[in-house]
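Some notes on the structure that comes next.
The values are calculated or read from the model by the stated rules, or taken from the named source; none is laboratory data. Remember, predicted model here, so these are calculated numbers, not experimental data. Here the Cβ positions follow ideal geometry from the backbone for every residue, glycine too, while neighbour counts run over all protein chains shown.
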Amino acid sequence: MKLRFLPLLSIAALGLTTAGCGKEVVRGSNDPSIDAHALSTGLDKDDIQRALHETLNNLRAAPVMNEWRSTNPPPNVAIFPFQNSTSEHIDSMLDALLGEAETWLVESGTVQVISRERQTQMIREVEGQQNAVFNPAHAARYGKQLGAKYLITGKVSGNDERSEDMRRVQYFLFLQVIDVETSAIRWQRKTYVTKAIK
Amino acid sequence: MNALSKLGRLASVAGLVLAPWLVGCGGHTARTLEMRSALDAGNAKGAIKALDEELDVKDPKDLPGDIKGDNAILVLDRASIQQGLSEFSLSKRDFEAADKAIDMLDLARNAGDSIGEYVFSGSSGRYQAPPYEKLMINTLNMLNYLETRDLNGARIEARRLSVIQKYYRDNLQNKENPVVGLGSMLAGFTFEKSGEIDEALRYYDEALGFTGFGTLSEAVRRIAPLGQYRSPRIKALLHEGEKDDKAAPGLQGADDDTGEVLFVVGYGRVAHKIANRIPIGLALTYFAGSIQPHDAAAANKLAAQGLVTWINFPSLAPGRGKWDIPSCKLDGQYVQLEEAVDVDRQVREEWKKIEGKIIVSAITRLIARAAVGQGIQTAAGRDNVIGILASLGAQATLTALDTPDTRSWETLPARVAVARMRLPAGKHRIVIDARGWQRTQDVVIEKGGWQVVSLMALR
C-alpha cells in the first residue's frame, strides 16, 4: 500500500470513530425545529397536523356540516378507529388523529360526540369477549346500538417500497362521514403523506 | 524529505493508530457471552438480565437510549428471548424497535464502512443484516401478534415481510429463501382469519412452494371456494382434493362444530460467530481458494518476515440443539409437528457466500498494518532503533485492536416446526416441550374460532 494514501485514511478513520457523540435531551417548546425532523417512515405530529388541517377545512364547508349546524338538537356522532392497511404500526398516531378530529367537532358545537369508552364497550358487546376488536363491516351495527346518526371513521392504505439505498412509504388517508341509517358516505376527503429513509 | 512532510506523515500514522482506540469496544460475542451462558443453562430471565446490563437499561421494559448502532442486535436478541418467555407485548416492542434500527443501519451503509472494514477492524462498519435475519424479524413478530389475537398487527407484519421479500427477490435475486415459507404460512393464516381469502391463498401458494407445509392443503381446499385466486399449485391441490373426496366422501368441513389451533415450535439456536486469530501462513493454507493472487503475494511476503503476522477473522461456532425432537401434546395426545424451516442451515449457507470476502478483508487489514509499521519506521529513519520498536509496537497494537465482525442475531431458533389441526370447540390443554423448556397452555376454542400457541426454546 502506498504511503501517500495514509493522510486520507487517517482522516477517514478518525471521522468514522468520532461520529455520533454528544447527545442531549431537547424540549420541543424550546426548539420547535425538532418537530420538523422526520425520524422514521411512520406518521408523526407534523404529518397529522398537515393532514387534519386540509381535511377539516374541507369538512367545515361541506354540506353535511351545514346540515348539522341547522339541526336541533344536534345529531349524535360516533367516531370509530381508522382501518390501517399499511405496513407501519401507526395505530396510535391514527388514534391521535381521530382524537384531534373529535376535539375539533366538540369545539365546533354542531354535534354531540359519543364518548369513545362507550364505543369500546359496544364493540365488545357486538364482537364478543374473545374477539373484541373493531370490525369496519359492523360499524353500522355499533352506530345503531349507540344511537348515533352519523359515524366518522377513516382508512389509511400505503405503498411501501424498498431499494438498495431507500425505503419509501406513501400513505393515502381517507376520512369519511357515514349515515348510520342508510350506510351512505355523506362526506369523504383524502390526503397524501409520503415518508422516506434515504 | 522535509520536516513538514515528515511531521504530516507521523501525524497520519498516529491518527490511524489511534482510531481503533476511539472505537473502544470488544467483539460482539464478548458482549453476548453471559446471555448465551444463561440460555445454555435454561435461564432465560438471566439472559435478559445480561442483555439489559449490556444495553445499560435497568428494566426489560426499557429500550436503550441509543439503538442506532450494534445495540439493535442486542434488542433483537432480547425480543426472541421475551417471546420464548411468552412475554409477547415486550417482545413486540423490542422487535419493532430493532426492525426500524436494522433497516436504518442497512440503508445507511456507505463506502466509509467498507474503508473501516478493510483498514483497521472487521467490526468497524455498520451492521448489515443478512436476508434470513430481516425476514425472521417480521415472521417472528407476526407470531407475537397472532399469539395475542391481534390480526391488525399481524397483517402489518405480513405486509412488512412482503416488502423485504420483494426487495430480496427483485433487487438481490435471492428467490429461494426457505424462511419465506414460514413467513408466508403465518401471513396466509393471518389473512384467512381476517376474512381476506384471496390474500390468504396468495400467501399459502408461496408457502406451498417450500417443503414442510403439508397441513396447509386442508386449509387451502377449505377456503379456496370462497376466493378467486388460483395458481397452478393451488389448482393441482384442488384437483387432488376432488379425487380424495370421491375416494372418501364426508371429510370434516369448516361448518362443523370445530375450531383450529396452529402450533409453532422453535428450538435450539443458530450458529453464532466467533473470533479467530491465526498466523498468516496458516490462513494462506486454509483459504488459498478465496485469496486473489496479488493479495496472496503480499501476504506471503509478510509471512516470510515472521513478525506480528496474525490475521483476525470470524467463523461460525457450532449451532445448538437442531437435532433435538420437540414434542407437542393436545389433551394428552401427541401432535405430529412438521419442520417448517432449518434456520441454522440458512445461516451456514449465507456464511459460505461471504466467507471469502471476509478473509480477504482480514488479509487486507494485515497488509495495512504492515504499511503503518513501515510508515512509522520510514518517518523515524530506517536504522533508528526507536523507530523499529515503534513500528513493531504499532503493528502489534493494531493486531490486538483488530476486532473480527462477530455480530449476528444469536437467539434465532435453529429450527422451527409447525402443526395445524382442527379440534372440537371447548376447553383444551396444550403442552409443548423442547430442549427442556415447557409451555402448558389451556385454551378455549369457540366454534369456528382459532388460537396460535408457540414455544421458542432457545437453549
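Table for the structure above
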| item | result |
| --- | --- |
| Top-ranked residue in the range B:348-369 [being at pLDDT 80 or above and in contact with a Leu (Cβ under 7 Å, 6 or more places away or on another chain); ranked as farthest from the other protein chains (Cβ to nearest Cβ)] | B:Arg348 |
| Helices (runs of 4 or more DSSP H) enclosed by the range A:17-126 - at least 2 residues per element that are within 14 Å of chain B (Cβ to nearest Cβ) and modelled with pLDDT of 90 or more | A:91-108 |
| Conditions (1) more than 15 Å from the chain's Cα centre (by Cα); (2) in a helix (DSSP H, G or I); (3) modelled with pLDDT under 95; (4) farther than 21 Å from B:Gln346 by Cα; number of the one not met by B:Glu157 | (3) |
| Qualifying residues in the range A:104-146 (those that are in contact with a strand residue (DSSP E or B) (Cβ under 9 Å, 6 or more places away or on another chain), free of Cβ contacts under 8 Å to residues at least 40 places away in the same chain and not basic (Lys, Arg)) - the one farthest from A:Gln176 (Cα to Cα) | A:Gln130 |
| Residues of the range B:36-80 satisfying the condition of being in a helix (DSSP H, G or I), of a type in the set (Val, Ile, Thr) and more than 19 Å from B:Ser408 (Cα to Cα) | none |
| Unmet criterion (only one of (1) in contact (Cβ under 8 Å) with a residue 12 or more places away in the chain; (2) within 10 Å of another protein chain (Cβ to nearest Cβ)) for B:Leu146 | (2) |
| Residues of the range B:173-198 classified as in a helix (DSSP H, G or I) and of a type outside the set (Asp, Glu), total | 15 |
| The range A:140-168, residues that are aliphatic (A, V, I, L, M), within 14 Å of chain B (Cβ to nearest Cβ) and under 18 Å from A:Leu98 (Cα atoms) | A:Val156 |
| The listed residue being acidic (Asp, Glu), on the phi < 0 side of the Ramachandran plot and buried (at least 21 other Cβ atoms within 10 Å of the Cβ), out of B:Glu157, B:Glu176 | B:Glu157 |
| Test: residue in the range A:162-178 that is farther than 23 Å from B:Ala158 by Cβ, hydroxyl-bearing (Ser, Thr, Tyr), in contact (Cβ under 8 Å) with a residue 40 or more places away in the chain and not in a helix (DSSP H, G or I) | no |
| Which numbered condition A:Val180 misses (of (1) more than 28 Å from A:Asp44 (Cα to Cα); (2) exposed (fewer than 13 other Cβ atoms within 10 Å of the Cβ)) | (2) |
| Selection within the range B:271-298 - surrounded by 14 or more Cβ atoms within 10 Å (Cβ to Cβ) and part of a loop (DSSP other than H, G, I, E, B) | B:Ala271, B:His272, B:Phe287, B:Ile291 |
| The range B:398-441 - residue that is assigned to a strand (DSSP E or B), without any contact (Cβ under 8 Å) to a residue 60 or more places away in the chain and away from chain A (no Cβ under 14 Å) and, of those, nearest to B:Arg149 (Cα to Cα) | B:Gln441 |
| From B:Val431, B:Val372, B:Val385, residue being surrounded by fewer than 22 Cβ atoms within 10 Å (Cβ to Cβ) and more than 30 Å from B:Val444 (Cα to Cα) | B:Val385 |
